[in-house]
Amino acid sequence: MDVTTNLPQEGRLAGIDFGTVRIGIAICDKGQSFASPVENYQRRDRESDARRFQQLVEQENLVGFVIGLPINTDGNETAKSLEAREFGSWLGKITLLPITFHDERFTTSLAHELMIAGNIKASKRKKRLDMIAAQQMLQSYLEQ
């Protein structure tokens, strides 16, 4: 786990399940106890992406971002880790909020299992997978 910036201990954080096509977004409560899935954002271009994240900061009164960092099971970072780090750097610059990274190993698998256990139809699972993975990653960060 790599912490880039210390995040405020109170206030709403957004958890990001980074992807080049879709980004799963989850947000926690002000007390930083519980994470909830919010949306799967379909990426467009840098300008549109910047507008969406700036809107999110304003609408949700965010104080920081926790970005899922893809790590191999052996603990080593991947090529996707570098992409997530680059995205985090960009996100910090356009929102002016602190960013940290958190190990997201197994969050997508766990999200998939939770939806199956919740009897969510396969057609809906794909639409929700990234934001549920973001929720699981953010909840893991909050519980550390």
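Every number here is computed from the coordinates shown, using simple stated rules; none is lab data. Values in this document were obtained by computation on a predicted structure and should not be read as measured data. Positions of Cβ are backbone-derived with ideal geometry, glycine not excepted, and every protein chain shown enters the neighbour counts.
Amide H contacts for Q32 (H built 1.01 Å from N in the peptide plane; partners 5 or more residues away or on another chain; cut-off under 5 Å): G11. Potential lengthening of the chain between S36 and K121 amounts to 28.6 nm, from the contour at 0.36 nm per residue minus the alpha-carbon distance. Using the Cα gyration tensor of the stretch 12-143, with a ≥ b ≥ c the square roots of its eigenvalues, what is the shape: rounded (a/c below 1.5), prolate (a/b larger than b/c) or oblate (neither)? Since a/c stays below 1.5, the shape of the stretch 12-143 is classed as rounded.
Backbone amide hydrogens, once placed in the peptide plane, bring I67 within less than 5 Å of I16, T100, F101, H102, excluding anything fewer than 5 places away on its chain. Working ranking of peptides 12-24, 63-75, 83-95 by packing, defined as the average number of other Cβ atoms within 10 Å per residue, highest first, is 12-24, 63-75, 83-95.
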